[in-house]
Amino acid sequence: YLSGQLNSTDTVKLYKALTHPVWVSHGRKGKAASFVHNPELERRPNWRMTAFKSGDMPHVQNALAFARVLSQFLNDVN
């Protein structure tokens, strides 16, 4: 979805309008491995992206690393 390929033609515009902190996580294996990064969004100062050495569900398959990165993100934005 973050690649801007939803049904809406202005998805990237909507994502770019977000001003709050955004964390995107995904796995490097499985169907989500074809995740397409959007350089426009990655360069935004409020966006952070993390790729895990897992399949489509890093929150389950790599739970400790996922929790550690999520916790750090939450600490950084508070």
Ranking request for peptides 61-70, 48-57: highest mean number of other beta-carbon atoms within 10 Å first, then the rest in descending order.
48-57, 61-70
Scan around Phe52 for amide H atoms under 5 Å from its own, H built in the peptide plane at 1.01 Å from N, and keep only partners 5 or more places away or cross-chain.
His26, Gly27, Arg28
Report, by chain and number, residues whose modeled amide H sits under 5 Å from the one on Trp47, excluding near sequence neighbours (fewer than 5 apart, same chain).
Val22
The ³J(HN,Hα) series, computed from each phi in segment 44-54 with the Karplus coefficients 6.51, -1.76 and 1.60 at θ = phi - 60°, rounded to the nearest Hz and given as x for glycine or proline, is 5, x, 8, 9, 9, 10, 9, 9, 9, 7, 8
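Rounded to the nearest 0.05, what FRET efficiency is calculated for Leu74 and Thr9 with R0 set to 35 Å and r the Cβ-Cβ distance?
Numbers: r = 33 Å, r/R0 = 0.94.
Efficiency, from the Cβ-Cβ distance: 0.60.
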How much length would be gained if the chain were fully extended between Ala65 and Val22, taking 0.36 nm per residue of separation minus their Cα-Cα distance, in nm to one decimal?
13.7 nm
For segment 57-72, Karplus couplings with θ = phi - 60° (6.51, -1.76, 1.60), whole Hz, Gly/Pro x:
10, x, 5, 9, 6, 9, 4, 5, 5, 4, 4, 5, 5, 4, 4, 4
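Just so you know, all these numbers are worked out from the coordinates, no wet-lab data involved. Computed from a predicted structure; not experimentally measured. Glycine gets a Cβ as well: all are built from the backbone with ideal geometry, and neighbour counts include every protein chain shown.
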